[in-house]
Amino acid sequence: MSNAAPSAVDTLPEALRFSSPAPLVDIGANLTHESFAQDLEPTLSRARAAGVDTLIITGTDVEHARQALALSHRYPGLYATAGVHPHDASEWTPEVQAAMAELYRDPLVVAVGECGLDFHRNFSTPQQQEHAFEAQLALAADNGLPLFVHERDAGERMSSILRSWRDDIRHAVVHCFTADRETLHRYLDLDLHIGLTGWICDERRGHHLRELVADIPSHRLMVETDCPYLLPRNLPAKLKGRRHEPALLPWIVREIAHWRNESEAQLAISSAATARRFFALETDLALETDLALDTDRFRPGGGSD
């Protein structure tokens, strides 16, 4: 009998043994969270075994952005964002702005954010949030980087601000989209991309998303875990209560594909290709041959499809 240790794929629950013709891209993973401090390498091994080979690590302040960048230099397939979350907008200073500008010089920082507006909790005042957001919009424009946007209960104001920057910003994605159909189409009309998470798996809060995900053009849709937050609530009982991590992204892809009435394979291919183009990552063009993906700039007049 062999005493060999089980492989990473052997340690995955059956539900996560996902086979896809395209490796998945998790566009929002909070791997600098303290819950990953003791087992980051096994976490990355499980992600790769599940078909998730590219991770965008979210930077929500200067310190976490620096940590995200350090991880990106250490592990292949990892990239970082750098920004100040709206909850912390009150901490935006000229020194923070200078630190962010320095981070954007590194090619492994692929987006400005997480930044935006959150009028649900208002941990920073709306005025502080708008000031920090506008400053980060200017940094995105100056550095030719896309935006990784947080928005909650601020759809109209977000749309108004982004509309005034349409000539200057390359691309923008509203990550962890949870709003209504009207807000979705307002964002699509602004040429925004949409990031979907395990929120759609929540039987309490995700019903409305299930009804509108088919409205999102495939070339505007990306997928993310937002781990360790937003563990899918419809996981099998034996998987509930565990920490959320990138290896669970295939479960979210299955759920989204079901409600879009498309195959898991097609969603995997299109979402990964869209993410690679959005973040200007290295791309396997063979996987994109048959995909009609939008490569236009985030610009006036594009409209939704």
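The values are calculated or read from the model by the stated rules, or taken from the named source; none is laboratory data. Predicted model, so just to flag it, every value in this text is computed and none were measured. Heads up, the Cβs are rebuilt from the backbone with ideal geometry, glycines too, and the neighbour counts pull from every protein chain shown.
Out of Q136, Q128, report the one residue that is under 21 Å from D153 (Cα atoms) and touching a strand residue (DSSP E or B) at 6+ places or on another chain (Cβ under 6 Å). Spell out the reasoning first.
Details: Q128 fails: touching a strand residue (DSSP E or B) at 6+ places or on another chain (Cβ under 6 Å).
Going through Q136, Q128 in turn, the sole match is Q136.
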Practice task
Consider I252 carefully, then state whether it is more than 20 Å from A49 (Cα to Cα) and buried (at least 22 other Cβ atoms within 10 Å of the Cβ).
Solution key: no
Practice task
Look through the stretch 168-190, keep the residues that are among the acidic types (D, E) and farther than 22 Å from A82 by Cα, and return whichever of them is surrounded by the fewest Cβ atoms within 10 Å (Cβ to Cβ).
Solution key: E182
Practice task
Would you check which residues across the stretch 73-98 are of a type outside the set (A, V, I, L, M, F, W, C) and outside any loop (DSSP other than H, G, I, E, B) and list them?
Solution key: H73, R74, Y79, T81, P86, H87, D88, S90, E91, P94, E95, Q97
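Given the residues F148, F133, which is the only one that is farther than 16 Å from A65 by Cα and buried (at least 24 other Cβ atoms within 10 Å of the Cβ)?
The match here is F133.
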Practice task
Output the number of residues of the stretch 51-82 satisfying the condition of being of a type in the set (V, I, T) and over 18 Å from F148 (Cα atoms).
Solution key: 1
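Return the residues of the stretch 225-273 that are of a type in the set (S, T, Y), under 16 Å from the mean Cα position of the chain (by Cα) and part of a loop (DSSP other than H, G, I, E, B); say none if nothing qualifies. Break it down stepwise before answering.
The initial filter retains those residues of the stretch 225-273 that are of a type in the set (S, T, Y), namely 225, 229, 263, 270-271.
When the remaining residues are screened for being under 16 Å from the mean Cα position of the chain (by Cα), the result is 225, 229, 270-271.
Of everything in the stretch 225-273, those that are of a type in the set (S, T, Y), under 16 Å from the mean Cα position of the chain (by Cα) and part of a loop (DSSP other than H, G, I, E, B) turn out to be T225, Y229.
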Practice task
Run down A70, A132, A65 and say which single residue is assigned to a helix (DSSP H, G or I) and more than 30 Å from G51 (Cα to Cα).
Solution key: A132
Handout entry: Lone unmet requirement of (1) assigned to a loop (DSSP other than H, G, I, E, B); (2) within 30 Å of N143 (Cα to Cα); (3) under 16 Å from the mean Cα position of the chain (by Cα) for M222
Key = (1)
Handout entry: Criterion: of a type in the set (A, V, I, L, M) and in contact with a Cys (Cβ under 8 Å, 6 or more places away or on another chain) - qualifying residue of A89, A68, A132, A99
Key = A132
Practice task
Enumerate the pairs (first residue in the stretch 100-111 and aromatic (F, W, Y) and assigned to a loop (DSSP other than H, G, I, E, B); second residue anywhere and exposed (fewer than 15 other Cβ atoms within 10 Å of the Cβ) and modelled with pLDDT of 95 or more) with beta-carbon separation below 9 Å, excluding pairs fewer than 6 apart on the same chain, so at least 6 apart or on different chains.
Solution key: Y104/D142
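For T93, state whether it is modelled with pLDDT of 95 or more and surrounded by 15 or more Cβ atoms within 10 Å (Cβ to Cβ).
Answer is no for this residue.
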Handout entry: Index of the failed condition, A140 passing every other in (1) outside any loop (DSSP other than H, G, I, E, B); (2) surrounded by fewer than 24 Cβ atoms within 10 Å (Cβ to Cβ)
Key = (2)
